[in-house]
Amino acid sequence: MNTTWCRTCFVLLLGFSGLGAPGTRSAQQETSDFSGDAHAFLDGVLKRYATAKSYHFELVEETQNESAVSRTWFKFSITAIVLPDKRYRFENHSNTGDAIQVSDGVSEWFYLPQFEEYTKGPAPSAIPGPIPRTSTGLSSLGQAQRILRSFSYQRSVIQSASYLPDEKIDVDGKPMLCVVVQADALLPRQPGITARQTQKWKFWIDKKEGRIWKTSENQEGPIIAGTPRIEYTQSTDVWFRVSEPNAQSASEDLFVFKPREGVKLVPQFVSPQDRVVREIDGKVAPSVDLVAKDGKTVSLKTFLGKPVLLDFWATWCAPCVEALPAVEKLYNETAGKGLVLLGIDDDQEAQDATNFLAKRKESWPNFHMTEAINDAFPPRGIPYLVLIDASGRVVYSSVGFDEAELRNAIAKLGPPFADVSKSSTP
């Protein structure tokens, strides 16, 4: 299974899904009576897992990576369930955040515990449903969705296998007698790296039903991309609490999301950057002085009583320049209705923006960025749009120019702007 490692050590408290990391009890047991070829036996087990149409897996994965100059440790837990009736649950708990995707076949929920927010929509036609790209925490669900690929990968690179003495291990608190298979792989040579990585696995497979309950993986060589001359040793242990390829059923409550008190339903998740940017939403706009091209200052408070759209931009910002035709069209539609458009350029020299707008014959006022203006608004990129209502309160802010979203926000300013959302730049 592909894993991600980082430069610092993260410790994840795994209480959310009830998963623990059962330790190997050990003690050597009687030798396996499997007399067939170990490679063929292991390949058959992995094939059953890799090609499963339905499944139920709950696992904990722990990775340690060492070199002569560094040591890292990483741990996460996964739940991945897909049933024949299109119910599913994907869950990941790691240092990047916790995330859950669940469907009862009719509705689909995404839940981010760290933000206490969830979304709800119709169940997708294809399983698994796509993961929204608006929040970093959700990306970890990809590990759960791609769980079958890890078994396919193992099948593709394992070249030989042999039996080891049987062992009893703890599986969710119960002893399980397992066949132990050791497998060797030689990984493809990475571009620009002459040394080859070596990889070894051990699989603990129960003797009764042929299920995988634990795997141990060891790699040596230039494992980390970008450091071809540094040799690493990486060990990864995976413990399964539930291991059911071709699962037909699971507890009903796993497929319905019931938010606890305080968890908020949102139309969509906001990216970490937008969370910072939108902290200004709903608050009174900062009181700042704007510097005009003639050097005179105008207080933003001067426009109190009229809705104001601030467009933070620069001549060197390609997305800002690309948005100008749409901004111009919006200005022409709304200026007569009372909306004030103010540009705030972030060019090194104020004259650069002045000349640029004059060449384009743009007629709305433009002001040059100052340190005071920069500090008054949240950290951001550009283009950056801030919509302020007539009372002086911020009702919309966004990094990036989303014309439809901006028009919808303007349409909510009042009856004169109601039809603004119906028109957009082709």
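The values are calculated or read from the model by the stated rules, or taken from the named source; none is laboratory data. Worth saying up front: this structure is predicted, and the values here are computed from it rather than measured. Neighbour counts run over all protein chains shown; Cβ positions are idealised from the backbone, glycine included. Heavy atoms of the whole protein, side chains included, go into the accessibility calculation; ligands, DNA and RNA do not. Shrake-Rupley method; radii C 1.70, N 1.55, O 1.52, S 1.80 Å.
Stretched out fully, how many nm does the piece from Ser152 to Asp85 gain, at 0.36 nm a residue minus the Cα gap?
On the way: separation 67, 0.36 × 67 = 24.12 nm, distance 2.41 nm.
Full extension from Ser152 to Asp85 adds 21.7 nm.
If you average the alpha carbon positions of region 357-426 and of region 295-333, how far apart do those two centres end up, in angstrom?
With region 357-426 and region 295-333 each reduced to a Cα centre, they are spaced 6 Å.
Please list Leu148, Leu265 from largest to smallest accessible area, probe radius 1.4 Å, with all protein chains kept in place.
On the way: Leu148 30, Leu265 100 Å².
I get Leu265, Leu148, largest accessible area first.
Roughly how many Å² of Asp172 are accessible to a 1.4 Å probe, to the nearest 10?
Only protein atoms counted, so the area is about 90 Å².
Which value, in debye to the nearest 20, describes the size of the charge dipole of region 267-426 about its Cα centre when Lys and Arg Cβ atoms bear +1, Asp and Glu Cβ atoms bear -1, and nothing else is charged?
Value, rounded to 20: 560 debye.
Among the listed pairs Lys168/Lys208; Lys47/Lys86; Lys75/Lys258; Lys301/Lys329; Lys306/Lys337, which have their C-alpha atoms separated by more than 19 angstrom in this model? Don't jump to the answer; show the numbers that get you there.
Values: Lys168/Lys208 13 Å; Lys47/Lys86 22 Å; Lys75/Lys258 27 Å; Lys301/Lys329 26 Å; Lys306/Lys337 10 Å.
Checking Cα-Cα distances, Lys47/Lys86; Lys75/Lys258; Lys301/Lys329 exceed 19 Å.
Collect residues whose amide H, placed 1.01 Å from N in the peptide plane, falls under 5 Å from the amide H of Phe115; neighbours closer than 5 in sequence don't count.
Under 5 Å from the amide H of Phe115 lies no amide H from a residue far enough along the sequence or on another chain.
Among Ala411, Ala376, Leu342, whose Cα sits farthest toward the positive end of the charge dipole of region 317-426 (+1 at Cβ of Lys/Arg, -1 at Cβ of Asp/Glu, about the Cα centre)?
Ala411
Using +1 on the beta carbon of Lys and Arg, -1 on that of Asp and Glu, and nothing else charged, what's the dipole of region 350-424 about the Cα centre, debye to 20?
Dipole about the Cα centre, nearest 20: 220 debye.
Could you give the length gained by full extension between Lys200 and Ala126, i.e. 0.36 nm per residue of separation minus their alpha carbon distance, to one decimal place?
This chain segment gains 23.1 nm when fully extended.
Loop-only check: which GluC sites (Glu not before Pro) in region 348-382 are DSSP coil with at most 11 other Cβ within 10 angstrom?
Glu349
So, with +1 on the Cβ of K and R and -1 on the Cβ of D and E, and no other charges, what is the size of the charge dipole of region 137-183 about its Cα centre, to the nearest 20 debye?
My answer is approximately 260 debye.
For Lys361 and Val263, what does the FRET efficiency come to when R0 = 56 Å and r is the distance between their Cβ atoms, rounded to the nearest 0.05?
Between Lys361 and Val263 the formula returns 0.65.
Can you work out the accessible area per residue across region 248-369, with the rest of the protein chains kept in place, probe 1.4 Å, in square angstrom?
Accessible surface, normalised per residue, equals 57 Å².
Order Phe356, Phe151, most accessible first, counting only protein heavy atoms with a 1.4 angstrom probe.
Heavy-atom accessible area, descending, gives Phe356, Phe151.
For Val395, which sequence-distant residues (separation of 5 or more, or a different chain) have an amide H within less than 5 Å of its own amide H, given hydrogens modelled in the peptide plane?
Gly282, Leu387, Ile388, Asp389
Given a 1.4 Å probe and heavy atoms of the protein chains only, how would you sort Glu61, Glu261, Glu244, largest accessible area at the top?
Highest to lowest solvent-accessible surface, that is Glu261, Glu244, Glu61.
Mean projection of the alpha-carbon convex hull of region 94-136 over all orientations, in nm²? Before the final figure, lay out the partial values.
Numbers: hull surface 12.8 nm².
Dividing the Cα hull surface by four gives the mean projection, 3.2 nm².
Run the quick spin-label model on Ser299 and Glu279: label points 7 Å from Cα toward the beta carbon, then report their separation in nm to one decimal.
Rounded to a tenth, the inter-label distance reads 2.6 nm.
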